[in-house]
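Sharing a structure, written as structure tokens. Questions coming.
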Amino acid sequence: MTQLNLALVIGATLLSACTATSQPAAPAGLPDTGQPALHAVSDARLRELMDQMNALMFERFMTQPEIDRERRIHAQKMADAAEKLGSAIDAILSRLPALNLNQDEQLTFRALAGKLGEQAHALNAQAKLNHIDNIEPMLDQMTATCSSCHTLFRKFGN
Amino acid sequence: MNVKKIALILLPALIATPFSISAEEDLRTLIKAMSTRMTELGKQVEQSNKHVAELEAKLAKLEREKAQTSAAAPSGQPAPVQTATIATGSVVAPAAEAQTKTAPAVTVGDAKGTFKIPGSDTSLGFGGYVKLDANYSSIGMGGDKLGDQHLVVAQIPVGANRLGEHSKATFHAKESRFWLKSFTPSGWGDINTFLELDLLGAAEISNYTPRLRHAYGSIGNFLAGQTWTTFLNVAAIGDTLDSAGSVGALVYLRQPQVRWTQPFNLAGTPMEFQAALETPKSRLWADPLSGETARDAYGFNNPNDERYPDFIARLNYNPEWGSLSLAGMGRQIRYTRQASVLQQEAWGGAVSLAGKINTVGMDNLRFMLNYGNAIGRYATFNTFGDAVLDANGQLQLVKVYGGTLAYQHWWDKSWRSTLAYGFVSSDQPVFVGGETTRRAQSVHANLLWSPLSQATIGLEYIYALRERTDNQSGDLHRVQFSTRFNF
């Protein structure tokens, strides 16, 4: 495997971890951890829950305490989804030794995944505290992290 | 370019917000600039740490002096407080300064849109919306009727009553609402209170009498006050602009009650069991030959002689794909006539299966199926009685059954539509005649636009068909334009 292919491997692994954009197929020979799928599911789940929570704003027959209760339930589900997303990133990192990356490459990989992991952790904390208004901006930040990584790796992949 | 270079270029990219790299040279320049900036920041941190250390030393010294002064003050007298001079040279009074230091700040509450009452754990919030409804109907309801403002199928003119009634335009803002809520955590469970008013207190179009919609409190699993009947699954109500909604849905009935809600899990799925005692009210249609003449605006008699509350139990099933509920109700319908020995009573019941099923994306299907022989007051706005009195004053319960199906489609996050169909039918005894409704159907179709979560503008088409016991029928076509602005 050439060095350029190795960079592509890292890029493809991270690309598959986010659902915000299309996912190119990983090069043959990439160890299948199964974790990116979980990561993708968690990310999609977070978006779905956020949309459902926003839709509550348009319910005019439910009383406000009922809507607040629904929001707390959704916030708890989002906290769970964020926790799963964080676990998925940990699992991806645990596969690093199998990828045979050198120290610098691992550092890069860890930093990329770590940033997303920190954001997932922060989202989890906000959701557990029922800070509804903070959740959507944090989701946007996570999407921005995904998008910037995708853009970066695609540039290098060319 | 080797991998090491790639890694070195990527690392700073992680810290930065999303950006696009067009050339390696640009990245090198960026790294160089960042490196210089890091060095500058390091120097600033050193200076800041030094400054903080100085401030901490000063603070410690002041606290020591304050402690010594307090110890020297005579017992029972307050320690002298030094006035503070601010930069402008003005002087802050000691009392005002103390107040500024001790006054608790207003903070964000524990529920969305609330603030905490200073010095307490209670989160308080208020809000509501202003809604305009502009209706254009194919036929007027005759006179100043509520049916011109929202769908009241029992008021659709039939037969000769249609003569003289033609298309009619109606504008009103009576559905506008104001609410107040509080949330307080406690060792007994969360304490919630909720109060909501609208302006639909009178039927006349120009009469904006406030009406109490909700007034209830709850602690933990216990609720008391006026709110939606436990028999109604509110999540199953279709998203129509018309506030009365589909004729097949249970009437959106709010009434005083006490309710216990017991949550539990079945195979990992959250469920709830609810039991409630709700205010009783018998509504009868009386044969004119029975001697009973008292009738309300909808032709019913309300004897107001109930002995037992309405007993309601409901089971809620809340899987990931939506919610389902099965409700049962037992009621005593009772009639007595003043200044006579006539007394009639009968026990009846009803069941309701309702739910909301998430389908594709944000789309969902909502439905209700209702059946019973004591459901008249709960079904379709002021259309059916719970029982009838024959010419001899004998009471007979009336079976009513109906259902509604509403599909909500989200075109995108701002645009959505609902298509709802409903039907309701009653088994009226043969002697019941005149203006009484036997069955009805309705269709609602709308397109709603919410460019912001606080604003909704929409257009809805409504069709309703009413059939009376004398087999005559009348229909209604209506276009409703509505705007709703939340605050």
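Looking at (1) surrounded by 17 or more Cβ atoms within 10 Å (Cβ to Cβ); (2) within 14 Å of chain A (Cβ to nearest Cβ); (3) at positive phi, can you tell me which one B:N364 breaks?
(3)
Name the one entry in B:A215, B:A236 that is among the aliphatic types (A, V, I, L, M) and touching a residue at least 24 places away in the same chain (Cβ under 8 Å).
Answer to the check: B:A236.
In segment B:400-435, what residues are under 18 Å from B:A154 (Cβ atoms) and in contact with a Gly (Cβ under 7 Å, 6 or more places away or on another chain)?
B:V400, B:G402, B:T404, B:G422, B:F423, B:V424, B:S425, B:E435
Name the pairs whose Cβ atoms lie under 8 Å apart, with the first residue in segment B:138-156 and free of Cβ contacts under 8 Å to residues at least 12 places away in the same chain, the second of a type outside the set (A, V, I, L, M, F, W, C) and crowded, with 22+ Cβ neighbours inside 10 Å, and 6 or more positions between them or separate chains?
Close Cβ pairs (under 8 Å, with a partner that is of a type outside the set (A, V, I, L, M, F, W, C) and crowded, with 22+ Cβ neighbours inside 10 Å) amount to B:G147/B:Q155.
Based on this model, can you work out whether B:R211 counts as charged (D, E, K, R) and more than 14 Å from chain A (Cβ to nearest Cβ)?
So B:R211 fits the description; yes.
Determine which single condition B:T359 fails, assuming it passes every other condition in (1) hydroxyl-bearing (S, T, Y); (2) surrounded by fewer than 16 Cβ atoms within 10 Å (Cβ to Cβ); (3) over 18 Å from B:Y407 (Cα atoms).
Answer for B:T359: the failing condition is (3).
Can you tell me how many residues in segment A:60-95 are facing chain B (nearest Cβ under 8 Å) and part of a loop (DSSP other than H, G, I, E, B)?
Selection size over segment A:60-95: 4.
Now for a separate question. Within segment B:240-253, restricting attention to residues that are modelled with pLDDT under 95 and within 11 Å of chain A (Cβ to nearest Cβ), which residue is surrounded by the fewest Cβ atoms within 10 Å (Cβ to Cβ)?
Here the answer is B:Y252.
Just to check your reading of the model, which residue among B:Q77, B:Q47, B:Q68 is part of a helix (DSSP H, G or I), more than 30 Å from B:L212 (Cβ to Cβ) and at pLDDT below 70?
Just a single option satisfies the conditions, and that option is B:Q68.
Mind telling me which of the residues B:F231, B:F194 ends up being facing chain A (nearest Cβ under 10 Å), surrounded by 20 or more Cβ atoms within 10 Å (Cβ to Cβ), among the hydrophobic types (A, V, I, L, M, F, W, C) and more than 21 Å from B:L146 (Cα to Cα)?
Every option except B:F194 fails the conditions.
Turning to a different aspect of this structure: Hey, does segment A:76-83 have a residue that's touching a Ser or Thr at 6+ places or on another chain (Cβ under 7 Å), modelled with pLDDT of 80 or more and charged (D, E, K, R)?
No: zero hits.
Within segment B:445-456, can one find any residue that is within 14 Å of another protein chain (Cβ to nearest Cβ), closer than 12 Å to B:K131 by Cβ and surrounded by fewer than 16 Cβ atoms within 10 Å (Cβ to Cβ)?
yes
So which residues in segment B:460-469 are touching a residue at least 40 places away in the same chain (Cβ under 8 Å) and either surrounded by fewer than 17 Cβ atoms within 10 Å (Cβ to Cβ) or more than 14 Å from B:T383 (Cβ to Cβ) (or both)?
Those that are touching a residue at least 40 places away in the same chain (Cβ under 8 Å) and either surrounded by fewer than 17 Cβ atoms within 10 Å (Cβ to Cβ) or more than 14 Å from B:T383 (Cβ to Cβ) (or both): B:E460, B:I462.
Same structure, new question: Condition first: assigned to a strand (DSSP E or B) and closer than 17 Å to A:E66 by Cβ. Can you find one or more residues in segment B:148-170 that meet it?
Checked segment B:148-170: no residue is assigned to a strand (DSSP E or B) and closer than 17 Å to A:E66 by Cβ.
Answer yes or no: is there a residue in segment B:433-445 that is under 22 Å from the mean Cα position of the chain (by Cα) and not aromatic (F, W, Y).
The answer is yes, given that some residue of segment B:433-445 is under 22 Å from the mean Cα position of the chain (by Cα) and not aromatic (F, W, Y).
The values are calculated or read from the model by the stated rules, or taken from the named source; none is laboratory data. Given the structure is predicted, the values throughout are model-derived calculations rather than measurements. FYI the Cβ positions are ideal-geometry reconstructions off the backbone, even for glycines, and counts take in every protein chain you see.
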